[in-house]
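Here the structure is laid out as C-alpha cells; the discussion comes afterwards.
Read-outs: derived from the displayed coordinates by stated rules, not from any lab. These figures come from a predicted structure and were not determined experimentally. Every residue, glycine as well, gets a Cβ built from its backbone with ideal geometry; the counts of neighbours run over all protein chains shown.
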Amino acid sequence: MSHAHSHTGSGSRTTRRAFEFGKTHVVRPKGKHQATIVWLHGLGDNGLSSSQLLESLPLANIKWICPTAPTRPVAILGGFPCTAWFDVGELSEDGPDDWEGLDASAAHIANLLSTEPADVKVGIGGFSMGAAIALYSSTCYAMGRYGNGMPYPVCLRAVVGLSGWLPGSRSLGNKIEVSHESRRRAASLPILLCHGISDDVVHCKYGEKSAQSLSSAGFRYIAFKSYEGLGHYTVPREMDEVSNWLSSRLGLEGFSS
C-alpha cells in the first residue's frame, strides 16, 4: 500500500505534510463476497476498534477494510498529536477545511478499494471525522476528481456517515452543477446519514445541514435518521439501521436482520 503515498502527494500543492497511515484491519466476508466497504474511525481511534464493531453485524457478504488514520497534530486539541484523517480546528461544517489532508485521506481510501474485484460493489462508511471523510469522498466521486484536481478512480455504490458532517459544503452545489456526468453520479449514489439528537460533540444540526447540502447539490438518495437520547457514539439500533440499509441498497444475499 506504500504507493498510496506517492499517489496522494503527486497532485497536492506541497508534500511537506505527508503523514504515514497506520495499520489496516480487514474483516473477511463469512459468505459470498459481494461488497467491500472501507470503514473510517473517529478522532483518536483506530481501525482495530472499527473491525471489532463491524464483525458482529449480520452482513456475511461484506468485506470490511478498516484503516487507521495518520497520527498528526490536531488544532482542536491544541496541537496535540493523535490519529486524525485531516486537521480540524472546529468539528463542524463552518470550520476551515484542510483540503490537503482531506484529499490525502480520500486518496488512501480509494487506493484501498481500487484493487477489489470488478464484480464487487464498493462503498465507504465512517463515524464522526470518519463520516466526514466518507461524505467528502462521495463529493469527489460525483465530481470525478479530488479537490486538488487529480482524477477520482473508484465507482462508489453506497456511503454511510454516522455522527458526522460534510467538509466543503459551501461550494459543493456549484462544483457539481457544471457537469452532466457529475450530476448523474450524484443522483445515483445512495447515502445514509445517522445522528444522535443529544450529540454534544458534533451537534445534530450539522448532520441535518450536511444532508440538506448534499440534497440541494443533486444527491437524490439521501436518508437522514436521527435518534432520541443518542450522544456521540453508536448503539445497536443504529447499527441495525445501517445493516438493513446496506443490505437493501447493495442487494446482498442471505441477509438476516
Report Rg(Cα)/(2.2 N^0.38 Å) for the range 116-257, keeping two decimals. 1.02
3J(HN,Hα) from dihedral phi, the range 209-224, Karplus parametrisation 6.51/-1.76/1.60, rounded to Hz, x for glycine, proline: 4, 5, 4, 5, 4, 5, 5, 6, 7, x, 7, 8, 9, 9, 10, 10
Report the relative contact order of the chain, percent, no decimals, based on alpha-carbon pairs under 8 angstrom and at least 6 residues apart. 17 percent
If you restrict to DSSP beta bridges whose two residues both lie in the chain, what percentage is antiparallel, to the nearest 5? 25 percent
Using a Förster distance of 25 angstrom, determine the FRET efficiency expected from the C-beta separation of R184 and K205, and round it to 0.05. 0.25
Bin by bin, in steps of 5 Å, what percent of the Cα pairs in the range 14-149 do you find, going until the bin that has the longest distance? 2, 10, 21, 23, 20, 13, 7, 3, 1, 0
Which of the lysines could a cross-linker span from K205 if the Cα-Cα distance has to be under 17 Å and same-chain partners fewer than 8 positions apart are dropped? K225
What is the packing order of peptides 125-137, 153-165, 106-118, taking the mean over residues of other C-beta atoms within 10 Å and listing the highest first? 125-137, 153-165, 106-118
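Quote the FRET efficiency, to the nearest 0.05, computed for I197 versus H33 with a Förster distance R0 of 25 Å and r equal to the Cβ-Cβ distance.
FRET efficiency, I197 to H33: 0.10.
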Interchain or long-range residues, amide H under 5 Å from G42's placed H: F127, G130
Under the Karplus relation 6.51 cos²θ - 1.76 cosθ + 1.60, θ = phi - 60°, what is the ordered set of whole-Hz ³J(HN,Hα) values for the range 146-160, x standing for Gly and Pro? 6, x, 7, x, 5, x, 8, x, 10, 9, 6, 10, 6, 9, 10
Two decimals, Cα atoms only, Kirkwood Rh: what is Rg/Rh over the chain? 0.93
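Using mean Cβ contacts within 10 Å as the protection proxy, how do 69-77, 183-191 order, highest first?
183-191, 69-77
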Amide H neighbours of S163 at under 5 Å, excluding residues fewer than 5 places away on the same chain, with H built from the backbone geometry, are S128, C194, H195, G196
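Report the gain in length on full extension from Q52 to R220: 0.36 nm times residue separation, minus Cα-Cα distance, nm rounded to one decimal. Provide the component values of the computation, followed by the final result.
Working: separation 168, 0.36 × 168 = 60.48 nm, distance 3.20 nm.
Length gained between Q52 and R220: 57.3 nm.
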So what's the back-of-envelope 222 nm ellipticity for the chain, counting only DSSP H runs of four-plus at -39500 (n - 2.57) apiece and dividing by all residues, rounded to 500? -10500 deg cm²/dmol
Amide H partners (placed H, <5 Å) of V74, local residues excluded: G79, F80, C82
